[in-house]
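*Asks:* Below are the structure tokens for one structure; questions will follow.
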Amino acid sequence: MGEGKGNKKLDSLDKIYYDQLTWPEINEAVLAKKVVLLPIGSTEQHGHHLPLDTDNFLARGVCIAAAKQAPRETLIMPTIPYGYNEHALDFPGTIHVHYDHFIEYCLDVCKSVAHAGFERVIIVDGHGSNEHLCEFIARRATLETDALFASTMWTNLAVESFEAVRESGPGGAAHACELETSAYLYLDASRVQMEKAQDHYGGAAGKEGSKFLHVDLTKGWGPMKVVRWTSSATPTGVSGAPSLATSEKGQATVEGAAANLLAFLREFKAMPKGERVDHRAVQPASPTLPSLD
């Protein structure tokens, strides 16, 4: 069933899609203290076997899986589909947004949600190169509005569930890999071309066998970071072992991430913001911080 079907007879508080509400229904959601989920991803190459929308589709899919379990507590915003992606531009189809444009655009979206009256917003990222930028966006949005913002990359919520079913070694779950391919197979196998999946260990930020340079979505980064052009490090754009992917692994991964997202959402909703206390002996009139003027 599509996202827009089956909602006509629902009470407004049972609707989970932000953009399918009327403005009076937005007010009802605000008064109900719904937590807003904002998926952010990228339009990026994912090898020969996965579509360009992988990061968007998976981040949103986890949000939907969580929201369907608690529709009266959550709202899912439209996905922001483009991210910071300069390193992958050698692969056709990849879209790159400069980091300052990306930060300010996403921050404007977040501030607009706070302006509507929502008090808790979670950014759910699907693209590794957005991760630190999303953390910065959430931090600024919290400091510059009356709401609280949190951010995560959805795979951070799937570590235990994926590790319980994975077969690949370190580096097997980095990009267009065992993890992402499994999740896509579970959510929509018809769009995955498994016959074209090719394993490749190492990638833009990893080096097979290195003690210092390695990256894996659930095993983490090595102690050093060197990010190269993706095309210089992998012939297909893959970093990992997509050949080991299965729908069953994807189900465990997505459901585990959704369960953790929902658990945090409830903790976050109950978290007091606290009152700011200025401990300075003297409060200077200037300078005014640029982001707070």
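Bear in mind that the values in this text are calculations on the coordinates, not laboratory data. As the structure is a prediction and not an experimental result, all values here were calculated from the model. Please note: Cβ atoms are built from the backbone with ideal geometry, for glycine as well, and neighbour counts cover all protein chains shown.
*Asks:* Of the conditions (1) farther than 19 Å from residue 255 by Cβ; (2) out of contact with any strand residue (DSSP E or B) (no Cβ under 7 Å at 6 or more places or on another chain); (3) in contact (Cβ under 8 Å) with a residue 24 or more places away in the chain, residue 209 fails just one. Which one is it?
*Replies:* Here residue 209 clears every test but (3).
*Asks:* In addition: Does residue 62 satisfy the condition of being β-branched (Val, Ile, Thr), closer than 25 Å to residue 159 by Cβ and in contact (Cβ under 8 Å) with a residue 40 or more places away in the chain?
*Replies:* yes
*Asks:* May I ask you to say which residue of 188, 100, 146, 108 is of a type in the set (Asp, Glu), surrounded by fewer than 20 Cβ atoms within 10 Å (Cβ to Cβ) and either outside any helix (DSSP H, G or I) or touching a strand residue (DSSP E or B) at 6+ places or on another chain (Cβ under 6 Å) (or both)?
*Replies:* Answer to the check: 146.
*Asks:* Could we say that residue 162 is closer than 29 Å to residue 250 by Cα and surrounded by 21 or more Cβ atoms within 10 Å (Cβ to Cβ) here?
*Replies:* Against the criterion (closer than 29 Å to residue 250 by Cα and surrounded by 21 or more Cβ atoms within 10 Å (Cβ to Cβ)), residue 162 qualifies.
*Asks:* Can you tell me which residues in segment 13-48 are touching a Gly at 6+ places or on another chain (Cβ under 6 Å) and either of a type in the set (Ser, Thr, Tyr) or surrounded by fewer than 21 Cβ atoms within 10 Å (Cβ to Cβ) (or both)?
*Replies:* Within segment 13-48, 30, 42 meet the criteria.
*Asks:* I'd like the full set of residues that are assigned to a loop (DSSP other than H, G, I, E, B) and more than 20 Å from the chain's Cα centre (by Cα), limited to segment 203-215.
*Replies:* Of everything in segment 203-215, those that are assigned to a loop (DSSP other than H, G, I, E, B) and more than 20 Å from the chain's Cα centre (by Cα) turn out to be 207, 208, 209, 210, 211, 212, 213, 214.
*Asks:* If the requirement is being surrounded by 17 or more Cβ atoms within 10 Å (Cβ to Cβ), in a loop (DSSP other than H, G, I, E, B) and in contact (Cβ under 8 Å) with a residue 40 or more places away in the chain, which of these qualifies: 253, 181, 218?
*Replies:* None of the other options fit; the residue is 218.
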